Structure formats: structure tokens, C-alpha cells
Amino acid sequence: MVLLALAVCRVLHVSEDSRGHHPEVLKEVPTEKLQSALSITAPLEQRCAFPHYWSEGTAFTCPPIQDFDVFKESKDKNFFESQESIDALCTHLKQLRPAKDLSENELKDECFRLLQISLWGNKCDLSLSGGESSSQRTSVMDSLEGLKPFILINDSEALWALLNGCKKTAKTPAVRVDIVLDNSGFELVTDLVLADFLLSFELATEIHFHGKTIPWFVSDVTVRDFSWTIEHVKSSNQKSTATCGADWENHVKMGRWIYHDHLFWTLPHPYCAMPQVAPDLYAELQKACLVIFKGDLNYRKLMSDRKWAFTTPFRQALSGFHPAPLCSIRTLKAELQVGLQPGQAEQLSASDPHWLTTGKYGIFQFDGPLPTCPFVNTIQPKLA
Ligand SMILES: [Mg+2]
């Protein structure tokens, strides 16, 4: 049965390109038809449905395999092979001076550093290598400066203004940041480090993580991966790493870190359909000060998986999806991108024909508070 599952999943993945991306998914949509262009396309729908057939079928017929995750071994291997980078990251986190000893600019610089690490952590996506190892073997912290030119859209100043503004203007003691996760392995550790930083430096009081209910796209985080990662960080022989793991376990125990999963994340609907399809999830996200969407598939679903013009404003392509201020943090692995400056895409195409799909480029793309927010003018990034 297990061999059969492996065979079926292998077949499923060879039907896609090496990035888990079906070449026919994107549809050209004229700008004037944007509002009618909201239905997700068939290939993504089929791709999203398969794991459910598998999960539901095996749950009924063969309970021991119900929780079988065909990518578990690869995900765990990615974690172990990235151990040196994980240790460096945890050591860095533990060496930071307390919040009270940092100026606002120092705090902002550190926030940007950890945001960039979380961005480039998204490069370690197993789907880029067709399931082969793509662990982080070199210290990403040493590479950040050199990677800056590859950030095509950088709204991190606006993101910072929001986080700082939430802290200062929150009407309740709770400042909540939600992270819609992408990949397990090194990327998840970078997300946990960022989450720890936001709590420790009082930029947030609660972090809510959103993972998948079932093993889904290659390396996606499930609750098992979330707990397994914290447990293995805690069990490290390296002191800083083990301390981070113990802190993270404590965050979970004390309810400062909350893990959610919801079936909607593994359904084919574009996120603009969330208020109708999953109103409970939408209401949950509305409680956040900021929602961070990690990775490429979240971006595709935020964009309704449509091939918008490269210069389309981000807010327009979100098609009304705005539970809270949100930010996409992704390296580009699928052939869609909005919010670029006129001529930017053409320049990139001329210098690097594969710029959209190699994971070499990244974005921090932010959609700030709606105009009713009192400090909107200070934090909404320019609309391209
Ligand atoms: Mg993924």
C-alpha cells in the first residue's frame, strides 16, 4: 500500500514541471475583466483535490496509513542538513540585546534582517528540486547584503511602520501577527525565529501559525512538522539552538504561539473567495494586526492564479481579499507577479529569461490598512 502511494505521488509530480507548477495554470485576463476573472483554473483544482482523495480514501480503508506523509523523509532531511545554518540563526537570536537596549532604528534593522532570512528561507523549497534535497548549507545571514539586489519589491519599510504602529496604537493589550506557512525544514525554522523575535521584542503579543490539515504540496507544514521541528530544535546539542527550542515550546504552552489548520488552505479556491467559502477562517484572520503569507502557492491563490499584467497594483489583484493588512513574502517560482514598475519585467526578461521561476528573486509585497485606518497615510506603500 505504501509503495502504491509512493508510486501515485511520483506520477503526480512528474506530471508537473520541476517546480510543482503546471504550465497551463495561468490564464491571460484582460484588465477590464478582472472582476469576472475569479474562478480558479482546472489544473490547480485537480492538483489541490488529489491529496484529499488520498487522505479520505486511506482514512476509510487503511487507518495506519491515514497519517502517512510521503514527503516526511525529505522534510526531515532538509532540517538535519541545514543544522549548521539553524545553529547560526539561533545563536544570532540569542545574542541580540534586550529590546530596551536597542534604539528604534536598531530594532528596525534587526527586524529587516530576520524578515530577509525568512524570505530567502523560502528558497529552500523541495519543489524546486523535485523532492531532492535543497537544504540550507551555507549561512544565509552572511549572504543577506549580496542578495538585496534580488528583492524586486521591498515594502518592508511599510511593514515596519505597521508593526511599530500596531504596538503604539493597539486598543487592546493583544497585538496579533498571523503567519500562513509554506515549507517545513529550514524555512519553518526561519519563520519561527522571526516569530520569536516579534514576541521577544514586543512587536507582537501573539503569533498564530496556519499550516495544512494533510500532507499537501511537497514540503508543506503540517501540525506534525510544526511540533517535530520545535522538539528537534529543543533537542539540539548546541546550547543556543536548544534554548530557542525550549522557548518555543514554552510559547506554545503559554498560548503565545497558536497553531491552526483549516481545510480551506488545501482547497482550490482563490483567497478572495474565503469570506464565502470559509467565513470562520476569514473572521479569524480579521483579528490580526498583520497576516504574512509565505511562499509561492499562497501568492498564486492571493492572485486568484491569474496572469495579471506585471504592473497591476497588488491591491487590485487581491480582488477584495483584505481580512487585515497583509504581506506576501516569497521567492518567485511561478510565472506571475504584480506591482512591478513599468519596464521592470522587460528588463528582467532581457537579462534573465527565467527570472520568474528560479527562486532567485524575492518580494516583500504589502497591502496596508484600508483608508479608514487612522495612520493609513504613513504606512500604505506606493501603488505601482
Ligand atoms: Mg510549499
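Every number here is computed from the coordinates shown, using simple stated rules; none is lab data. These figures come from a predicted structure and were not determined experimentally. All Cβ positions, glycine included, derive from the backbone under ideal geometry; neighbour counts span all protein chains shown.
With each label point set 7 Å from Cα along the Cα-Cβ vector, what nm distance links Gln95 and Leu144?
Placing both labels 7 Å beyond Cα along the Cβ direction yields 1.2 nm.
How far apart, in nm, are two points set 7 Å out from the Cα along the Cα-to-Cβ line at Glu231 and at His354?
3.8
To check you understand DSSP bridge types, tell me what percent of the beta bridges within the range 71-379 (both residues inside) are antiparallel, rounded to 5. Please report the intermediate quantities before stating the final value.
On the way: 7 of 29 bridges.
In the range 71-379, approximately 25 percent of DSSP beta bridges are antiparallel ones.
Fewest Cβ neighbours within 10 Å first, please rank His260, His251, His354 accordingly.
Final ranking by Cβ density, sparse to dense: His354, His260, His251.
Can you give the relative contact order of the range 275-379 as a percent, counting alpha carbon pairs under 8 Å and 6+ residues apart?
This gives 28 percent for the range 275-379.
Amide H of Ile179 versus every other amide H placed in the peptide plane: which residues, excluding those fewer than 5 positions away on the same chain, fall under 5 Å?
His208, Phe209, His210, Ile292
Can you compute the label reach from Val277? Point 7 Å from Cα along the Cβ direction, backbone N cut-off under 12 Å, restricted to the range 293-316.
Only 301-305 pass the distance filter.
Which pairs break 31 Å Cα to Cα here: Lys100/Lys239; Lys77/Lys167; Lys123/Lys287?
Checking Cα-Cα distances, Lys77/Lys167 exceed 31 Å.
List the relative contact order of the range 280-340 as a percent without decimals, with contacts defined as Cα pairs under 8 Å and 6+ residues apart.
48
Using all Cα-Cα distances in the range 71-379, what percent lands in each 10 angstrom bin from 0 up to the longest?
Once binned at 10 Å, the Cα pair distances of the range 71-379 give 6, 29, 38, 23, 4, 0.
In percent, what relative contact order does the range 71-379 have, based on Cα pairs under 8 Å that are 6 or more apart in sequence? Before the final figure, lay out the partial values.
Numbers: 528 pairs, mean separation 65.9, N = 309.
RCO, the range 71-379: 21 percent.
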